[in-house]
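I have placed the structure first, in the form of structure tokens, so that the comments after it can refer back to it.
The values are calculated or read from the model by the stated rules, or taken from the named source; none is laboratory data. Treat the numbers as computed from the prediction; the structure is a model and nothing was measured. A quick note on method: Cβ atoms are made from the backbone with ideal geometry, for glycine too, and the neighbour counts reach across all protein chains shown. Accessible surface areas use protein heavy atoms only, side chains included; no ligands, DNA or RNA. Shrake-Rupley method; radii C 1.70, N 1.55, O 1.52, S 1.80 Å.
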Amino acid sequence: MTDLDQRIASTLRERAEGAVDTDLLTARAVGAGRARRRRRRVGAGAALGLVAVLGFGVTTGGLPVPTPSPAAAPVAPPRAPDAPVAAAAPELVGTDAGVLHFGVDTTRARYLGWESGRGVESVLVEVAGGRRVAIDVAPGPVEVERSRHEGMSYGPDRTASADFDGRVERLPPAGPGGQPGWVLRWRIGPLHARAITVGPDDTAVRTAVGALRMDRAHRCPAPLRLTTLPADAFLARCAVNMVNFPDSVDVTLTVGAPGEKLMDVRLERHSEFDGGRATGNRTIGGRPAYLHPGGEELELLGIPKAHLTARFGPAPQGFTEADAATVLGGARIADDLTRPESWD
């Protein structure tokens, strides 16, 4: 055991009963027991939700769920050497939208997406055999169980009574000829974690869990920056979907404010997007914009191969159209969305 291993074990042992085997830190419970388009929430049941997010042939909103481009070079969020890591400061997981307090061993799993903020941190990875696994980590079980990923649902919310005991739960196939889902809930010291996949067995889940690294931190990079926010607002969440990179990139930055106000600012870039809507019904900083029917979604027009929208409201409790215009007016998009190393 290295000095680092000893420090990790010592830190987690203070918060969990029993010994901590750092070689299996993310693979087993430790002592005390054992997170397509625009705000869709699929409630059709756990297995169907698994298939939708993990891209096993299900279509959403008329668009096929993308599969990874075999020619795409591996992409990973950059390291944040000065940020605290989950092993040393587990209480910070999910508290900073700009930081992922854990990572994965990229020799064992490939990043397809990442998310941080609003109490939970998540990664979507691909392991050997091309199978995808979503992993959510949070200080509390409720935050883990309520975590949602783009275009999918894990089924009914579980509560703090859910067992995080390191056992794998098998979910029935979504339909005839489908494959079952597999969910592993476990404890990492004081943290709660959940891994989920679809396939013939639970091998992918266990492989992905074994690739987790709690002794490293990363930034949550995105090709979209928000330079102007309404008064008292803050960046609450950063979510990046790289499943079909470099052909497409989906980014959601959630802006929060007191009173539980939330605004999702979404950048969708796809190589096959055309010029999109040409005529707006609003203007933001001299640029055309379009307020969608319903009055709760504002889109900034004229971005090549991409759509940039802000979903706000409902009024009067939520953000306003003026707030959305402020945010979109200060949005900055990377010059080359296919070069993550150039993202801020």
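Some values worked out for this structure:
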item: Mean Cα-pair separation over length for the stretch 199-277, i.e. relative contact order, pairs under 8 Å, 6 or more apart, %; result: 21 percent
item: Residue-level accessible surface for ASP247, protein heavy atoms, 1.4 Å, Å²; result: 60 Å²
item: Heavy atoms of PHE273: accessible area, 1.4 Å probe, square angstrom to 10; result: 50 Å²
item: LEU92, LEU124, reordered so the largest accessible area comes first (probe 1.4 Å); result: LEU92, LEU124
item: Distance between modelled label sites at ASP336 and THR228, nm, 7 Å Cα→Cβ extension; result: 3.0 nm
item: Amide proton proximity set for ARG213, modelled H, under 5 Å, gap of 5+; result: GLY103, VAL104, ASP105
item: 5 angstrom amide H check on ALA236, placed H, neighbours 5+ away; result: THR254, VAL255, GLY256
item: Long-range amide H partners of LEU100 with built H, under 5 Å; result: HIS218, ARG219, CYS220
item: Accessible-area ranking of THR228, THR106, THR252, largest first, probe 1.4 Å; result: THR106, THR228, THR252
item: Hz values of 3J(HN,Hα) by residue in the stretch 232-243 - Karplus curve (6.51, -1.76, 1.60), Gly and Pro given as x; result: 6, 8, 8, 7, 9, 7, 10, 9, 10, 10, 10, 4
item: Accessible area (Å², per residue) of the stretch 217-325, counting only protein heavy atoms and a probe of 1.4 Å; result: 44 Å²
item: DSSP-defined beta bridges in the stretch 191-289 - what % are antiparallel, rounded to 5; result: 100 percent
item: Length-normalised contact order of the stretch 256-344 in % [C-alpha pairs under 8 Å, at least 6 apart]; result: 27 percent
item: Accessible-area value, MET263, 1.4 Å probe, nucleic acids and ligands omitted, Å²; result: 0 Å²
item: Relative contact order (%) - criterion: Cα under 8 Å, at least six apart; region: the stretch 82-142; result: 28 percent
item: Sequence of GLU272, GLU321, GLU126 when ordered by accessible area, the most exposed leading, probe 1.4 angstrom; result: GLU272, GLU321, GLU126
item: Note, ³J(HN,Hα) from phi for the stretch 117-132, Karplus 6.51, -1.76, 1.60, rounded to Hz, x at Gly and Pro; result: x, 6, x, 8, 10, 9, 9, 10, 10, 10, 10, 3, x, x, 8, 9
item: Efficiency of FRET between ARG167 and GLU91 - r from beta-carbon atoms, R0 30 angstrom, step 0.05; result: 0.70
